[in-house]
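I have placed the structure first, in the form of structure tokens, so that the comments after it can refer back to it.
Readers should treat all values here as calculations from the given coordinates under stated rules, not as data from a laboratory. Remember, it's a predicted structure, so these values are computed and weren't measured experimentally. Note that each Cβ is placed from the backbone with ideal geometry, even for glycine, and that neighbours are counted across all protein chains shown.
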Amino acid sequence: MAVGTVLVTGGTGYIGSFTTLALLENGYDVIVVDNLYNSSKVALDRIELICGKRPAFYQVDITDEAGLDEVFAKHPEIDSVIHFAALKAMPCTNLAINHAQAVGESGEIPLEYYRVNVGGSISLLRSMEKHNVTNIVFSSSATVYGDATRVPNMIPIPEHCPIGPTNTYGRTKVMIETVITDQIEAQRRKNQKAGKPYEQWNGALLRYFNPCGAHPSGIMGEDPQGVPYNLLPLLGKVATGEREKLLVFGDDYASKDGTAIRDYIHVLDLASGHLAALNYLREHKPGVRAWNLGSGRGSTVLEMIKAFSNVVGRDLPYEVVERRQGDVLDLTAHPALANKELKWKTQLTLEDACADLWRWVKNNPKGYRQDPPAELLEA
Ligand code: NAD
Ligand code: WQD
């Protein structure tokens, strides 16, 4: 019998697919809902190849409340939701021309970000309420903190660091955290009053730092539909020769080598963090809690280029250009709360993430649009 049944929104996407895999590997049944806006159903094939199980799948948009209602009605066994589905592409549309002045996508089409991210989350919560599903794990982001190096400097960042997102995308995350918190508190008050304290709503707001890496098998990884924006996928493209060089956005930050610092976390560690949070909600029924999911270790852009160059076996070319608008000096997590309460901490290193990413990129230059090499499938 399954440990539980989880509805995963955005379950064919990058982090959602790895979390779906981890859930199936740990005895959960999984129902995936995704509109495939930034992903492909091939992710489900790869999950099945790796663990021998396949989640149920529904191509539904999270803003379609009736569509969500149908899924919940069809699966009354769902007891929890992990909510990944969102718009998160942040490329500057004119990146190649002038990245410094460009506004990220969320700043160019804010209404679409608020409609999908905030509106979609409200539809999901409404549907959960109708179907009496009371546990939600939400994909938040370290972006909610904005610049934590302001006075007082709060690096490494604890959960009580003041919130201050610097872009529309980050503001959608703060709004969704607020909507979830208000809903959970209202439901808990209602259930207390009705003498049903055991029917409590619970929520985990997971603030991820910089997810990266791929599955060590080399057959599952990040496969966004458009142009990549994040540092490691771009380094992958430089390594395969698809890009001539990496543009390093600024070397005049107050760090040891002048480049910005981030806390890179392997996607397998991130997936296990979701399991830990879900188990915590089910066991402790804590109401709503925020946890940072990061390693606690910061790396500069130049250190990342070096780490990735090491696994590729040659120096990858780069050129320092001006800072990217909206970037901050340092986003490094203080993960002590998650370490203690969730009994979770990162297990994999930066070198693991780079090696796994390189294995994925080198063997699957077209991502999920081509079959992986036979030797990887046989392994
Ligand atoms: P992703 O784009 O790979 O996954 C998101 C998934 O949601 C995709 O499969 C997409 O098709 C789906 N989706 C988008 N709009 C939808 C809609 N209206 N209805 C149904 N499905 C929809 O992104 P990811 O990197 O896996 O991110 C997952 C979550 O984690 C997102 O909420 C993102 O904001 C958050 N997050 C990501 C990062 C990161 O750097 N990757 C960092 C912090 C937080
Ligand atoms: C990392 C570092 C860049 C590309 C973003 C979102 C954040 C979260 C994670 C969703 C920075 C530098 C990058 C390049 C570079 N996503 N860089 N050249 O900006 O920390 O976070 O993804 O929640 O919200 O903002 O990640 O990978 O883009 O950048 O020098 O070509 O690499 O300036 O210092 P970021 P990133």
Practice task
Answer yes if at least one residue in region 50-66 is part of a loop (DSSP other than H, G, I, E, B), surrounded by 16 or more Cβ atoms within 10 Å (Cβ to Cβ) and among the hydrophobic types (A, V, I, L, M, F, W, C), and no otherwise.
Solution key: yes
Completion exercise
Looking across region 252-294 at residues that are within 16 Å of ligand 1 (Cβ to nearest atom) and charged (D, E, K, R), the single one that is surrounded by the fewest Cβ atoms within 10 Å (Cβ to Cβ) is Asp269
Problem - Test: residue in region 298-318 that is within 21 Å of Gly11 (Cα to Cα), within 16 Å of ligand 1 (Cβ to nearest atom) and not aromatic (Phe, Trp, Tyr) - result: no
Problem - Filtered residues of region 196-224 (kept if over 16 Å from the mean Cα position of the chain (by Cα) and more than 20 Å from Arg359 (Cα to Cα)) - result: Lys196, Pro197, Tyr198, Glu199, Gln200, Trp201, Asn202, Gly203
Handout entry: Residues within region 196-251 that are within 13 Å of ligand 1 (Cβ to nearest atom), basic (Lys, Arg) and in a loop (DSSP other than H, G, I, E, B), tallied
Key = 0
Handout entry: Residues (over 20 Å from Lys190 (Cβ atoms) and of a type in the set (Lys, Arg)) located in region 113-157
Key = Arg115, Arg150
Problem - Output for region 18-46, where each listed residue is within 16 Å of ligand 2 (Cβ to nearest atom) and part of a helix (DSSP H, G or I) - result: Phe18, Thr19
Completion exercise
The number of residues in region 172-192 that are farther than 29 Å from Leu111 by Cα, surrounded by fewer than 16 Cβ atoms within 10 Å (Cβ to Cβ) and of a type in the set (D, E, K, R) is 2
Practice task
Count, please, the residues in region 323-377 that happen to be within 17 Å of Leu49 (Cα to Cα), buried (at least 19 other Cβ atoms within 10 Å of the Cβ) and within 15 Å of ligand 1 (Cβ to nearest atom).
Solution key: 2
